[in-house]
Amino acid sequence: MENLKKKVEVLRESFREALGSVRGLEELEKLRVRYLGRKGEITLLFKLLKELDPNERREAGALLNTLKEEVQEALNLKKEELKKARGREKVDLTLPGREYSLGGLHPLTAVLEEMIEIFVGLGFKVEEGPEIEWDFYNFEALNIPPHHPARDMWSTLFITEKMMLRTHTSPVQVRVMEREKPPLRFISPGRVYRKDAFDASHSPAFYQLEGLYVDKKVTFSDLKGTLELFARELFGSNTRVKFVPSYFPFTEPSAEMSVNWGKGWLELVGCGMVHPAVFNAVGLDPDEWTGYAFGVGVDRVAMIKLGIDDIRLFYENDLRFLRRYLR
Ligand code: DAH
């Protein structure tokens, strides 16, 4: 009898502990089976009653019944509790879903990528250069010595006397020619900076795409052919181009290519044959090497392609504008 009493105590204690750590309805059911199931611990104790003296049997039976009721009660309470908690967490399937909007390319990026693809298709590699540039690369090596009036062609943003935000992508020509031996054929797209007002046709930061081809016996007709092909790929096969004489310190002769795809002529590209002084600056013999170079105004191209007359739209990040051109 004493033995049974002790067992009841131990069971009561272990049940309480187990109940405390139950986390869900399934665990609770397992616990019920462990104590009250057909082979449960309490059920087994009842089977011991037979072995007791008949006069002890009544007291023991009462003891076990109390324990059983207690356990049953506790299980029921816990079940209610868990059901309530689950109700609170229940997913409301009638709620509308959350909308996720996909990102897209900025219209300038999209047009720039299209331009890059055309040149890559023509065999040009893609090179990059720093946006903070030394005077040497931005000016001097491009045949624009200090105090030369040609510097006035670019309203420069200086960081120190010898360091600036690059005013064009042409310094990449110098960096690559310094580093690699010809033949060279690459483009270099990127951001450039000028001390300009922010108005419909100017932005202090904008994009250019530079191109350089250096080899033996490169001619002006190579340049014309390549740029004409580029224009037709970009604006359609009926596009007409014209070359007008111009001046750039780093090319001789120099020209500007205008494009007419139906609505009048538009200057889009500065270009020319690489100036001997530029070859000298990078240690290439101008009698051995020839080349052409060009610089395209990316924003201008994008404005024409998208039919926009204000460059500021590209830099104001107004989603109403940007969404119109998402592809
Ligand atoms: N760097 C010139 C500019 O920013 C554009 C240019 C003209 C680039 C002629 C060239 C070139 O490579 O040959 O105005």
Since Tyr247 meets every condition but one in (1) in contact with a Phe, Trp or Tyr (Cβ under 9 Å, 6 or more places away or on another chain); (2) among the hydroxyl-bearing types (Ser, Thr, Tyr); (3) within 14 Å of the ligand (Cβ to nearest atom), which condition does it not meet? (1)
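Each row is one residue, and each column tells you yes or no for (1) more than 16 Å from the ligand (Cβ to nearest atom); (2) at positive phi.
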| position | (1), (2) |
| --- | --- |
| Pro253 | no, no |
| Leu266 | no, no |
| Gly270 | no, no |
| Gly283 | yes, yes |
| Tyr292 | no, no |
| Val298 | no, no |
| Leu306 | yes, no |
What residue, of Leu234, Leu229, Leu157, Leu165, is in the same structural domain as Gly297 (by TED's automatic domain parsing), within 23 Å of Val274 (Cβ to Cβ) and not acidic (Asp, Glu)? Leu229
(1) within 16 Å of the ligand (Cβ to nearest atom); (2) among the hydrophobic types (A, V, I, L, M, F, W, C); (3) not assigned by TED's automatic domain parsing to the domain that holds Met177 all hold for Ala74 apart from (1)
Counting only residues that are away from the ligand (no atom under 16 Å from the Cβ) and open to solvent by less than 40 Å² (accessible area, probe 1.4 Å), how many does region 232-243 have? 4
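Go over the candidates Lys7, Lys84 one by one and state the one that is touching a residue at least 12 places away in the same chain (Cβ under 8 Å) and in a helix (DSSP H, G or I).
Lys7
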Selection from region 304-316 of residues open to solvent by 30 Å² or more (accessible area, probe 1.4 Å) and either free of Cβ contacts under 8 Å to residues at least 24 places away in the same chain or not assigned by TED's automatic domain parsing to the domain that holds Thr226 (or both) yields Gly307, Leu313, Glu316
Could you tell me which of the residues Trp289, Trp265, Trp261 is in contact (Cβ under 8 Å) with a residue 24 or more places away in the chain, touching a strand residue (DSSP E or B) at 6+ places or on another chain (Cβ under 9 Å) and open to solvent by 60 Å² or more (accessible area, probe 1.4 Å)? Trp261
Only residues that are without any contact (Cβ under 8 Å) to a residue 60 or more places away in the chain and surrounded by 20 or more Cβ atoms within 10 Å (Cβ to Cβ): list them for region 166-191, please. Arg166, Thr167, Pro171, Val172, Val176
Anything in region 111-134 that is of a type in the set (Phe, Trp, Tyr), more than 16 Å from Gly236 (Cα to Cα) and outside any loop (DSSP other than H, G, I, E, B)? List them, or say none. Trp134
Ser155 vs. criteria in contact with a helix residue (DSSP H, G or I) (Cβ under 6 Å, 6 or more places away or on another chain), within 12 Å of the ligand (Cβ to nearest atom) and within 18 Å of Trp134 (Cα to Cα): no
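Suppose we filter Ile42, Ile118, Ile132, Ile144 for residues that are in the same structural domain as His275 (by TED's automatic domain parsing), among the β-branched types (Val, Ile, Thr) and free of Cβ contacts under 8 Å to residues at least 60 places away in the same chain; which single one remains?
Answer to the selection: Ile132.
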For region 206-217, state whether one or more residues are over 29 Å from the mean Cα position of the chain (by Cα), open to solvent by 10 Å² or more (accessible area, probe 1.4 Å), within 20 Å of Ala141 (Cα to Cα) and within 11 Å of the ligand (Cβ to nearest atom). yes
Looking only at region 244-258, how many residues end up being under 20 Å from Ser221 (Cβ atoms) and open to solvent by 50 Å² or more (accessible area, probe 1.4 Å)? 4
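The values are calculated or read from the model by the stated rules, or taken from the named source; none is laboratory data. These numbers come from a predicted model, not from an experiment. A quick note on method: Cβ atoms are made from the backbone with ideal geometry, for glycine too, and the neighbour counts reach across all protein chains shown. Ligands, DNA and RNA are stripped out before the accessible areas are found, and what is left, the full protein with its side chains, is counted by its heavy atoms. Shrake-Rupley method; radii C 1.70, N 1.55, O 1.52, S 1.80 Å.
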